[in-house]
Structures are given as C-alpha cells and as structure tokens.
1. Tell me, which residue of region 86-109 that is more than 12 Å from the ligand (Cβ to nearest atom) and part of a helix (DSSP H, G or I) is surrounded by the most Cβ atoms within 10 Å (Cβ to Cβ)?
2. Consider residue 118 carefully, then state whether it is charged (D, E, K, R), touching a strand residue (DSSP E or B) at 6+ places or on another chain (Cβ under 9 Å) and more than 20 Å from residue 13 (Cα to Cα).
3. Just to check your reading of the model, which residue among 134, 76, 83 is surrounded by fewer than 21 Cβ atoms within 10 Å (Cβ to Cβ), part of a helix (DSSP H, G or I) and within 14 Å of the chain's Cα centre (by Cα)?
4. So, in region 17-40, exactly how many residues are surrounded by 16 or more Cβ atoms within 10 Å (Cβ to Cβ), farther than 14 Å from residue 136 by Cα and in contact (Cβ under 8 Å) with a residue 24 or more places away in the chain?
5. Failed condition for residue 122, given (1) in contact with a Leu (Cβ under 9 Å, 6 or more places away or on another chain); (2) within 14 Å of the ligand (Cβ to nearest atom); (3) open to solvent by less than 20 Å² (accessible area, probe 1.4 Å), with all others met?
6. Please state which one of 75, 23 is modelled with pLDDT under 95 and within 10 Å of the ligand (Cβ to nearest atom).
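The values are calculated or read from the model by the stated rules, or taken from the named source; none is laboratory data. Here the structure is a predicted model, which means the values were calculated and not measured. Quick reminder, even Gly has a Cβ in these numbers, built from the backbone with ideal geometry, and neighbours come from all protein chains shown. Heavy atoms of the whole protein, side chains included, go into the accessibility calculation; ligands, DNA and RNA do not. Shrake-Rupley method; radii C 1.70, N 1.55, O 1.52, S 1.80 Å.
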Amino acid sequence: MQLLALHGPNLNLLGTREPGLYGSSSLEQINAELRSRATQLGASVDCFQSNHEGALVDRIHLGRGAVDGILINAGAYTHTSIAIRDALLAVEIPYVELHLSNTHAREPFRHHSTLADRAVGVICGFGATSYQLALEGLVQHLRRAAGR
Ligand code: DQA
C-alpha cells in the first residue's frame, strides 16, 4: 500500500510556528512518525510539503496510478483552493483531510473546507496525533475497499 502525505503552506515551520496552537513537533518529526507507523501497518508513505498551490497540484497528479491513498493537510489552501480539490478528484485517489488544530473552533473563515465533502474522512484538533489518526483511518478504509 503506497500512501502520500501532503503538507501545505507554512507547515514547514511546525515546531516554531505558533506552538500554542500547532504544538512543538517539527514536520520532520511528524513525517518520521508517519513513516514508522505506516511500516507497522504494512504501508509506505511519501511525504511532500510545499508553500505553493501549483506544486501541490503537480504532486497530486504524479500520484495517479502510483498512490493508493493521500493524507492531506492543505493548511490555508484548505479554505480557498478549488485547484487542489479538482486535482484530488481528477486523480481519483481516496484522501483524508486533516488539521492539527480544530478549525471549527477558530475564525469563521477556517470553518469552510473545499476538500471535506469528498474526503473519506476529516480529522482535526489532535495536534500531531491528527496525522496518526488520519493514517489509521485511511489504511483501514483502503483495506476494506480492497476486501482485505
Ligand atoms: C491548519 C489549519 C489551517 O486553518 C491553517 O491555515 C494552517 C494549519 C492546521 O493544521 O490546523 O496552516 O491546517
């Protein structure tokens, strides 16, 4: 099972970016934990971060035919990007949307997601653990869908 973890803008600053809100784990630590847990679950995960919408769209396109499922924290693009939504739907790869913070408990402009209604599921509010929960959920969904 090949998975892709996508991190959007400003998530490269995790660990130092508003730690009261996003926690103290760096993106490298989160990626290492994801890879380790994925291995335990019999999956493999590639991790990609970009501050640029088009780069995220390009990486999603590369997943077509190569990736079974996507974990995506699109950062602020979650609330604005029709292009990322369209790319995810175009490649027809199941995805889980996730956030470190509980976006619904924050400013109203963070309550809307362009991705959520077509996601397998959405996880938010558990800090770095959101990534682990999203991984578990995605792997279980893909296994069920494959009849395994
Ligand atoms: C975020 C929530 C977004 O609203 C914000 O723009 C981010 C991080 C989160 O993980 O909590 O960059 O996606």
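1. Residues of region 86-109 more than 12 Å from the ligand (Cβ to nearest atom): 86-96.
With the extra rule that they be part of a helix (DSSP H, G or I), the set shrinks to 86-91.
Working: 86: 13, 87: 21, 88: 26, 89: 13, 90: 12, 91: 17.
That would be 88.
2. Spelling it out, residue 118 is indeed charged (D, E, K, R), touching a strand residue (DSSP E or B) at 6+ places or on another chain (Cβ under 9 Å) and more than 20 Å from residue 13 (Cα to Cα).
3. 76
4. 5
5. Condition not satisfied by residue 122: (3).
6. Answer to the check: 23.
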